[in-house]
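The values are calculated or read from the model by the stated rules, or taken from the named source; none is laboratory data. The structure presented is a predicted model; accordingly, all values stated were derived computationally and were not measured. Neighbour counts are summed over all protein chains in view; Cβ atoms, including those assigned to glycine, are modelled from backbone coordinates with ideal geometry.
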Amino acid sequence: MKKPLIGMTLAQLKEVVLSLGMPGFSAGQIAKWLYEKRVTDIEEMTNLSKANREKLAAAFCVGRCEPSSAMRSVDGTVKYLFTTADGLAVESVYIPDDDRATLCISSQKGCRMGCRFCMTGKQGFHGNLSAAEIVNQVLSVPESDTLTNVVFMGMGEPMDNFDEVQKVLMIMTEKWGFAWSPKRITVSSIGKLDTLRRLLDETHVHVAISVHSPYHEERLGLMPVEKAYPVREVMKCLRNYDFAHQRRLSVEYIMWNGLNDDDVHAQALVDLLAGTGSRVNLIRFHAIPGVNLKTTDEQRMTAFRDYLNRKGVLATIRRSRGEDIMAACGMLAGKVNKG
Ligand code: SF4
């Protein structure tokens with residue numbers, strides 16, 4: 001099988017061209033074709049000689065792959081299904097909102113983090129996506145040219161596939177790639193601190209941390225990651241970074257009736273986030289089969305939000321999108337179709 005060129009960094013493209021006896025500067029030309037002009041065939045790279053195009057095409061392909069299906073929500077959200085090389089399926093969600101056009105992308109096939117409230121977690125882990133498979137989602141949705149933002153909040157824990165995610169972030173932000181400002185990208189994590197530290201040190205993208213409870217035992221019952229990386233340690237680490245200027249830190253907080261939605265939790269959350277500069281996104285829970293957790297009503301969500309705002313923590317209630325097509329937060333399952 002031919003290797004995809006998309007997903008390669010400039011340094012990797014350089015290795016490719018040198019190994020084929022092509023001049024080093026061809027790497028920059030190829031990057032431009034892949035990430036700026038967004039060609040789908042090596043034959044279109046017309047400033048490479050015909051002989052070099054043939055050499056390249058003998059072992060490589062561009063690697064673009066259209067979504068295999070699309071489901072459109074009444075609210076304009078579109079859920080795309082991409083089939084991976086090994087026949088599995090991952091989802092990307094396009095979310096138009098006034099002047100913003102956001103794509104929520106997946107970084108893994110399933111997930112091994114086992115969060116109790118998440119459909120992706122329920123399906124288990126079926127492997128990492130390659131940088132090619134991740135960047136292909138951004139390049140191959142029909143709205144690709146009009147995207148204003150990308151969020152790594154789809155299937156998988158991005159920090160559990162750090163090396164591939166980091167390559168994609170380079171491709172999206174470097175001059176030879178998409179040349180996007182890192183401010184257009186948010187990477188979400190449940191706080192897998194080992195690689196989260198690298199994301200903080202090595203990139204400038206916005207960061208979103210899924211907290212969902214300020215209490216150790218309670219969070220442990222929701223998110224097994226709390227055992228290895230307690231949220232208190234995560235916040236301690238985040239206090240070392242500046243989120244007041246160039247980059248933003250947000251905390252994701254799904255609200256469950258009678259579990260984490262009273263004022264005592266709100267105060268504990270205020271205390272947990274002190275000194276981090278984080279804002280809070282309150283998220284309505286979308287019921288999923290076999291999970292005995294109940295959605296908090298609008299009135300309680302509003303009261304919780306107002307409590308946080310009164311205490312100086314900027315909080316908003318995230319508008320639910322794509323629930324009718326199972327595209328809302330925590331609902332992505334990707335129907336892993338083996339074979
Ligand atoms: S919430 Fe995120 S980290 Fe947790 S199981 Fe779902 S996809 Fe994985």
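Condition test on V151, is it under 14 Å from the mean Cα position of the chain (by Cα) and surrounded by fewer than 23 Cβ atoms within 10 Å (Cβ to Cβ)? For V151, the condition - under 14 Å from the mean Cα position of the chain (by Cα) and surrounded by fewer than 23 Cβ atoms within 10 Å (Cβ to Cβ) - is met. Based on this model, can you work out whether V135 counts as more than 16 Å from the ligand (Cβ to nearest atom) and outside any helix (DSSP H, G or I)? The answer is no for V135. Taken over region 257-275, the criterion of being buried (at least 20 other Cβ atoms within 10 Å of the Cβ) and either among the polar types (S, T, N, Q) or not in a helix (DSSP H, G or I) (or both) is satisfied by N260, D261. Criterion applied to V39, V62 was being buried (at least 21 other Cβ atoms within 10 Å of the Cβ) and either away from the ligand (no atom under 16 Å from the Cβ) or assigned by TED's automatic domain parsing to the domain that holds R319 (or both), and the one residue passing it is V62. Candidates K55, K79: the one that is of a type outside the set (S, T, Y), in a helix (DSSP H, G or I) and touching a residue at least 12 places away in the same chain (Cβ under 8 Å) is K55.
Is it the case that region 165-185 has a residue that's away from the ligand (no atom under 16 Å from the Cβ), polar (S, T, N, Q) and closer than 19 Å to S278 by Cβ? Looking through region 165-185, none of the residues is away from the ligand (no atom under 16 Å from the Cβ), polar (S, T, N, Q) and closer than 19 Å to S278 by Cβ. The single residue among G258, G312, G277 that is in contact with a Phe, Trp or Tyr (Cβ under 6 Å, 6 or more places away or on another chain), at pLDDT 95 or above and away from the ligand (no atom under 16 Å from the Cβ) turns out to be G277.
Yes/no matrix, rows are residues, columns are (1) outside the structural domain of K32 (by TED's automatic domain parsing); (2) over 19 Å from S210 (Cα atoms); (3) of a type in the set (V, I, T):
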| site | (1), (2), (3) |
| --- | --- |
| D75 | yes, yes, no |
| K79 | yes, yes, no |
| I134 | yes, yes, yes |
| M155 | yes, no, no |
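Within region 96-125, the residues that satisfy the criterion of being within 13 Å of the ligand (Cβ to nearest atom), of a type in the set (G, A, S) and either more than 14 Å from G156 (Cα to Cα) or in contact (Cβ under 8 Å) with a residue 12 or more places away in the chain (or both) are S106, S107, G110, G114, G124. Taking the condition within 24 Å of S130 (Cα to Cα) and within 27 Å of the chain's Cα centre (by Cα), does T84 pass? So T84 fits the description; yes. For V93, the requirement of being touching a residue at least 40 places away in the same chain (Cβ under 8 Å) and within 15 Å of the ligand (Cβ to nearest atom) is met.
Here S189 meets each of (1) farther than 30 Å from V39 by Cβ; (2) of a type outside the set (A, V, I, L, M, F, W, C); (3) out of contact with any Pro (no Cβ under 7 Å at 6 or more places or on another chain); (4) within 11 Å of the ligand (Cβ to nearest atom) with one exception, condition (3). Cβ-Cβ distances below 8 Å connect the following pairs, each with a first residue in region 196-217 that is at positive phi, a second residue that is hydrophobic (A, V, I, L, M, F, W, C) and assigned to a strand (DSSP E or B), and a separation of six or more residues or different chains: H212/I254.
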